[in-house]
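One structure below.
The values are calculated or read from the model by the stated rules, or taken from the named source; none is laboratory data. Everything numeric in this text was worked out from a predicted model, so none of it was measured. Positions of Cβ are backbone-derived with ideal geometry, glycine not excepted, and every protein chain shown enters the neighbour counts. For the accessible areas, the whole protein counts, side chains as well, though only heavy atoms, and no ligand, DNA or RNA atoms are used. Shrake-Rupley method; radii C 1.70, N 1.55, O 1.52, S 1.80 Å.
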Amino acid sequence: MRRVLIAVLALACAANAVAQGAYPGAPVRLVVGFPPGGANDILARLIGAKLQDAWGQPVLTDNKPGANAIIATEFVAKSAPDGYTLLVGASGAMTFNPGLYQKLNYDPVRDFAPVTLLGSFPLVLAVNPSVPAQSVKELIAHARGAGGKLNYAAGSTPFQLAAELFKIQAGIAIAHIPYKGSAAAVNSVMANDTQLTFVDAPPVVGQIRGGRLRGLAVTSRTRAASMPELPTMAEAGMADFEVVLWTSLFAPAGTPRPVIDRIQQQVAKTLQMADVRERMLGLGITPVGNTPEELAAIVKADLEKWTRVAKQAGVKAD
C-alpha cells in the first residue's frame with residue numbers, strides 16, 4: 001500500500017507540475033544500458049545537454065550497462081512514473097530481447113510509455129577482401145558453394161538476428177561466432193577469423209574506405225548518407241530484407257500524458273537543431289522525433305518481426 005501511495009503521489013505531483021508549467025522542477029535522469037562512448041551514450045549526452053539548456057534543470061546521463069541492456073531497462077520499468085527517470089532505449093532491449101530470453105522482468109509494451117524515436121540507422125553487410133564476392137548475389141553463391149564453411153561475426157544479438165534473417169531468406173548456411181561489441185567483430189573479419197558481419201556504420205566506414213573490408217550493402221530501404229555508394233539489400237536482389245535499428249526515449253508506464261507530451265515536444269525541437277543533426281548524421285544515425293503513437297506502432301511491428309525471426313532461427317540468449 002505504501003508503494004501504491006508513493007506512486008499515486010508521484011503522478012499527482014507530476015501532473016500538477018505540468019499544469020503549472022513547472023515541469024521539470026528537478027533533475028531529469030536519462031538511463032543508458034551501455035557503457036560511456038557508444039552511440040546510445042553519445043545520443044543521451046548530446047540531447048541531454050540541449051534539454052538542460054531549454055529546461056534550466058540538470059539532465060544527467062546514468063550508464064547502467066550489462067546483460068544486453070536488461071539491467072537499465074528493468075531499472076526504468078520499476079522507477080516512479082513522474083517523468084524524472086527516462087530510458088534511452090535501444091531496439092535490442094525493447095524488440096529483440098523479448099524473443100531471445102525465456103524470462104524477462106520487464107515487458108516493453110506493458111511497462112513503458114513511448115515518448116519519441118530519437119534516431120534510426122541501418123546495418124552494413126561487410127566481408128573480408130579475400131571473399132570472392134563483389135555483390136550480395138555473389139556472396140550467396142559463394143556461401144552455397146562453401147558447404148557451410150563460412151563464419152559470420154556478431155557483436156550483439158540484433159546483429160546476430162540480422163545475419164540469421166539473411167541466412168533464412170538466402171537459404172544458406174553460415175556459422176555464428178559471437179564477439180563482445182562491434183569493434184571486436186569488425187577486427188575478426190579484418191583478420192579473416194570470420195568472413196562477414198552485419199554491423200552498425202561507425203566502426204566499419206573507415207575500414208571499408210581503407211580497403212581493409214569490402215562493403216556489399218546497407219540494410220535500410222534507402223541508401224545511407226554516410227555510404228551512398230553502397231546499394232540497399234533490396235537493390236542487391238533481396239527485396240524483402242530490411243533491418244533498421246533505432247534508439248528511442250521511453251518513460252515508465254503510467255507517466256502522465258502531459259509530461260510525455262512536454263518531453264516529446266522539446267526533444268523533437270532538439271532533433272531539428274542543425275548541430276544536433278550534423279552530429280547524428282556523422283554517426284550514421286538519422287534523427288526522427290516522432291509521436292508516442294508512431295513509436296508504439298514501430299515497437300509493436302518490430303517485436304512481432306524479431307520474435308518470429310528468433311523462433312525460425314532457433315536462437316536463444318539463455
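Apply the Karplus curve 6.51 cos²θ - 1.76 cosθ + 1.60, θ = phi - 60°, to the phi angles in region 68-76 and return the couplings in whole Hz, x for Gly and Pro.
Ordered by residue, 3J(HN,Hα) equals 6, 6, 5, 4, 5, 5, 4, 4, 5 Hz.
Can you show me the helix-derived [θ] at 222 nm for the chain, built from DSSP H runs with n ≥ 4 at -39,500 (n - 2.57) apiece and divided by the number of residues, rounded to the nearest 500.
-13000 deg cm²/dmol
Taking the Cα centroid of region 39-87 and of region 206-284, what is the distance between the two, rounded to the nearest whole Å?
Distance between centres, Cα-based: 19 Å.
Identify, among ILE140, LEU104, ALA268, the residue whose Cα sits farthest towards the positive end of the charge dipole of the chain, taking +1 on the Cβ of Lys and Arg and -1 on the Cβ of Asp and Glu, with the dipole about the Cα centre.
Ranked along the dipole, the leading option is LEU104.
What distance in nm separates the simple spin-label points at LYS149 and ARG277, each placed 7 Å from Cα in the Cβ direction?
5.0
Determine the dipole magnitude for region 83-218: charges of +1 sit on the beta-carbon of Lys and Arg, -1 on that of Asp and Glu, nothing else is charged, the reference point is the Cα centre, and the result goes in debye to the nearest 20.
300
How high is the relative contact order of region 195-317, in percent, counting Cα pairs under 8 Å that sit 6 or more residues apart?
17
Using only the heavy atoms of the protein chains and a 1.4 Å probe, how would VAL288, VAL315 rank by accessible area, largest first?
VAL288, VAL315
Please report the carbon-and-sulfur percent of the accessible area for the chain; probe 1.4 Å, protein heavy atoms only, DNA, RNA and ligands left out.
Percent of accessible area from carbon and sulfur atoms in the chain: 55.
Using DSSP to define loop residues, name the GluC sites (Glu not before Pro) in region 168-270 whose beta-carbon has at most 14 other beta-carbon atoms within 10 Å.
GLU229
At a Förster radius of 30 Å, what calculated FRET efficiency corresponds to the Cβ-Cβ distance of LYS300 and ALA191, to the nearest 0.05?
0.15
Along the Cα-to-Cβ line of GLN169, 7 Å from the Cα, sits a label point; which residues in region 282-314 have backbone N less than 20 Å from it?
286, 298-314
Given a cut-off of under 8 Å on Cα pairs at least six residues apart, what relative contact order in percent is computed for the chain?
26
Across the chain, how many lysine pairs, 8 or more positions apart or on different chains, have C-alpha atoms separated by under 22 Å? Please give the number.
Here the count comes out as 22.
If you count only protein heavy atoms with a 1.4 Å probe, what accessible area per residue comes out for the chain, rounded to a whole Å²?
Per residue, the chain has 43 Å² of solvent-accessible surface.
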